[in-house]
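Beneath this line is the structure, given in structure tokens, with notes to follow.
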Amino acid sequence: MTDGEQLTIDDEIIARARIHAREVVADTELNIDLSALEWDVSARAKRRAGLCRWRANREEATIVLARRAYERYEWPEFAAVVRHELVHAWEYQQFGESGHGPRFRERAADLDAPRHCRSFSEPRYVLRCLGSDCEWSAKRHQASKPVRAPDGYRCGVCGSEYEVEHVESGRTWSSASGYGGVKAALGEEW
């Protein structure tokens, strides 16, 4: 860094994550090669707080952390995300594969790393069951098929139809044509 350059939030995220990773490796039995670990930050991620990519041909893992999660979580919760991704990196380095199976769960528990992270962004859509006694709902960030054409799907709990709400506007639909109508009505607000 030269005189006059300022650290960005991405620089801060990576620096704190690297420091935490060194502490985890020093204080635990997590046998991971930190020199074969790359770090990156995603400004686009809305659902996952982190991910670990593996390049088998280079035997290199890259941990990608979500800027939005860093901004919304307190450090202890974000540090747990770092530990979660370190477990993935460890699995890749040791076994060439990673998942959320028994080996992952055991090592994550040893490091007090969650299996899943708390949502850090509001969904764009909410699906709600229309069954009278069912309280099922699901959140979606993208206009997936069940969002665009809910009449082709059913509630996974009771089998009833469901409706979709565009969270920002409060508008709802329960068919593909309803989706198109709401999207057209909202125009740029979509």
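The values are calculated or read from the model by the stated rules, or taken from the named source; none is laboratory data. From a predicted model like this one, the values you see are computed outputs, not experimental measurements. Neighbour counts run over all protein chains shown; Cβ positions are idealised from the backbone, glycine included. Side chains included, ligands, DNA and RNA excluded: accessible areas come from the protein's heavy atoms. Shrake-Rupley method; radii C 1.70, N 1.55, O 1.52, S 1.80 Å.
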Residues of the stretch 1-146: accessible area per residue at 1.4 Å, in Å²? 61 Å²
Go through LEU86, PHE104, THR172 and say which Cα lies farthest out towards the positive end of the charge dipole of the chain; charges sit on Cβ, +1 for Lys and Arg, -1 for Asp and Glu. THR172
Cα axis of helix 75-95 to longest principal axis of the chain: angle in degrees, 0 to 90, nearest 10? 70 degrees
What are the GluC sites (Glu not before Pro) within the stretch 99-190 that DSSP puts in a loop, where the Cβ has at most 11 other Cβ atoms within 10 Å? GLU135
Multiply the residue separation of GLU97 and GLU74 by 0.36 nm, subtract the distance between their alpha-carbon atoms, and state the gained length in nm to one decimal. 5.3 nm
Amide H partners (placed H, <5 Å) of GLU60, local residues excluded: ARG55
Magnitude of the charge dipole, the stretch 26-99, Cβ model with Lys/Arg +1 and Asp/Glu -1, debye to 20: 620 debye
Normalising by the residue count of the chain, find the relative contact order in percent from Cα pairs under 8 Å and 6+ residues apart. 14 percent
Excluding ligands, DNA and RNA, the carbon-plus-sulfur percentage of the accessible area of the chain with a 1.4 Å probe reads 42 percent
On the full set of protein chains, 1.4 Å probe, figure out the accessible area of TYR125 and give it in Å² to the nearest 10. 0 Å²
Counting other Cβ atoms within 10 Å, which GluC sites (Glu not before Pro) in the stretch 1-91 have at most 10 and lie in a DSSP loop? GLU5, GLU29, GLU74
In the stretch 1-80, trypsin sites (Lys or Arg not before Pro) in a DSSP loop with at most 12 other beta-carbon atoms within 10 Å: ARG44, ARG58
Taking LYS46 as the anchor, which lysines have their alpha carbon closer than 20 Å to its alpha carbon, excluding any fewer than eight residues away along the same chain? LYS139, LYS145
Near LYS183, which aspartates and glutamates are there with a Cα under 13 Å away, not counting those fewer than 8 places off in the same chain? GLU165, GLU168
When the dipole is taken about the Cα centre of the chain, and only Lys, Arg (+1) and Asp, Glu (-1) are charged at their Cβ, what size is it in debye, to the nearest 20? 780 debye
